[in-house]
Amino acid sequence: MELTFAALGDSVRPERVDAIQSRGFTERQARFLVLVLAHSGVFLERQYRAFAHIAHGQKTHDFLERLVGCGFAKAITPGAVHRGRLYHVQYKPLYQAIGDPDTRNRKPAELGRFIERLMLLDAVIDDGDCTWLGTPQDKRTYFTLRLHRRDGDLRVGDFPHLIFRHYDDESIRYFPDKLPIGVSRESGRHVFLYLVTRTRPDDFRLFLHRHRELLCRLTEWTIRLLVPPQFRPAARLYAQAIREEYLTPLTPYVVEELEWFFRARQGNRMPAPHPDLDLATARRKYGSWRFRALRRSWEQDGDAAIRASQWCGLVDRLQIGQGRIEFVSMTRQYLQLSHLVGVA
C-alpha cells in the first residue's frame, strides 16, 4: 500500500501536469513547473537542466523565454548579469492549478528567503528515490490515508500544526513548516527535510515537538538536516537538540514540576508539587533552551506537549535504525548569495 499512498500524495500528479501543460508547455516542462510551484516558487536554470537531464541550449532558452515573456514568471538578477539569475513563478492561475493559490511561494520575498527555497528545491531534485509532498493539503491527504484515518476522526495532534487564537476565534494551520516530505518508492521510508537557517536550534526544537506524534506513528523515517556552509559549526548544537528532545525522555517528577512552573509563570497561584520548589528555583532549574522551547509548545498545546516528552518510543526507533538523523552539507553556489540564508 505504500506506493499507492505515495502516488496519491505526490505533488507532481498527472492532473496537475495536464493543467500546466494546457498553458502551452511540454510535459517535461509542466512536470518541472509543478515541482517548483509545490516546493519553492523559484528556480535556477541549472535546476531545470538537472531535472530534464539536458545541457544549456535552445530548449532551455525557449522555456525560460516563454515563462518570462508570457508573464508566468519574473526573472530576478540580484547581481552582475554574468553571475546568473533566478526565476520567480508568480502567475496565480498556475498555483490554482495545483490547488494552492494563496501559498507564500507565489508572493515576493527577500532574496535570503528565495535562496533558502532554492536549496530545498535542490534537495528534492537530488533525491529521485522519493516522491515528494509539497503543499499542506498534499501532506494532510497522504498522512490521513497512511494512518488509516478519516477526516472526521482526526485529532489536532495527529499532524504538525500551529494554533492561532484571537479572542474567541481559533484557527489551525497544519504542516506550518512548509518543508518537503519525501516517501521512498522502494522502502516507504519517510524523509523530513529541515533547512538549518540559525546558529541556535530553537526553531528546530519546535519542529521536533510538532512532528513527534506523527513520527511515533510511522515505521521508518529520516530527518535530513540541510546545512549551508556558514552553519556547519552549529551542527553539534542541532545534534544536541535531537539527543535532548528524542533520546532523553522527561521523568514523571520533572513533568509534574514543569506543569506547575509554566502555570506559575502565568500567575497561577496553585501550590508547588514539592516543598523545596518555588518560582526562583524552577527558573534556575528549567531555564535551558530545551525547556524554553517546551514552554512555547505548551502555550500551543497545553500539558499534552509536556507529557509527550515522557514517551520513549522514538528512543527505540532511533536505536534500531528505524529512525535516522542525517546531516547534509550544502555545497552548491547560489548566485554568490548563500550568505543571505537566515538573514531574511
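Could you tell me whether region 134-147 includes any residue that is in a helix (DSSP H, G or I), crowded, with 21+ Cβ neighbours inside 10 Å and small (Gly, Ala, Ser)? No. Among the residues of region 67-74, are any of a type outside the set (Asp, Glu), modelled with pLDDT of 95 or more and either within 25 Å of ARG198 (Cβ to Cβ) or outside the structural domain of ALA38 (by TED's automatic domain parsing) (or both)? No, region 67-74 contains no residue that is of a type outside the set (Asp, Glu), modelled with pLDDT of 95 or more and either within 25 Å of ARG198 (Cβ to Cβ) or outside the structural domain of ALA38 (by TED's automatic domain parsing) (or both). Applying the criterion of being hydroxyl-bearing (Ser, Thr, Tyr), in contact with a Gly (Cβ under 9 Å, 6 or more places away or on another chain) and at pLDDT 95 or above to the residues of region 198-243, the residue that is surrounded by the most Cβ atoms within 10 Å (Cβ to Cβ) is THR222.
Within region 274-287, at least one residue is modelled with pLDDT of 90 or more and under 20 Å from LEU237 (Cβ atoms).
Matching residues to (1) farther than 23 Å from VAL17 by Cα; (2) assigned to a loop (DSSP other than H, G, I, E, B):
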| residue | (1), (2) |
| --- | --- |
| VAL68 | no, no |
| GLY71 | no, yes |
| GLY79 | yes, yes |
| ASP102 | no, yes |
| ASN105 | no, no |
| LEU120 | no, no |
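Here GLN96 clears all of (1) touching a strand residue (DSSP E or B) at 6+ places or on another chain (Cβ under 8 Å); (2) within 29 Å of PRO136 (Cβ to Cβ) except the condition numbered (1). Looking at region 10-64, the helices (runs of 4 or more DSSP H) lying wholly inside it that each contain 3 or more residues that are aliphatic (A, V, I, L, M) sit at 14-21, 27-39.
Touching a residue at least 12 places away in the same chain (Cβ under 8 Å), crowded, with 20+ Cβ neighbours inside 10 Å and of a type in the set (D, E, K, R): is that true of ASP158 in this structure? Against the criterion (touching a residue at least 12 places away in the same chain (Cβ under 8 Å), crowded, with 20+ Cβ neighbours inside 10 Å and of a type in the set (D, E, K, R)), ASP158 does not qualify. Looking at region 153-232, the strands (runs of 3 or more DSSP E) lying wholly inside it that each contain 1 or more residues that are aromatic (Phe, Trp, Tyr) sit at 161-166, 169-174, 190-195, 221-227.
The values are calculated or read from the model by the stated rules, or taken from the named source; none is laboratory data. As the structure is a prediction and not an experimental result, all values here were calculated from the model. Cβ coordinates were reconstructed from backbone atoms using ideal geometry, including for glycine residues, and neighbour counts include every protein chain displayed.
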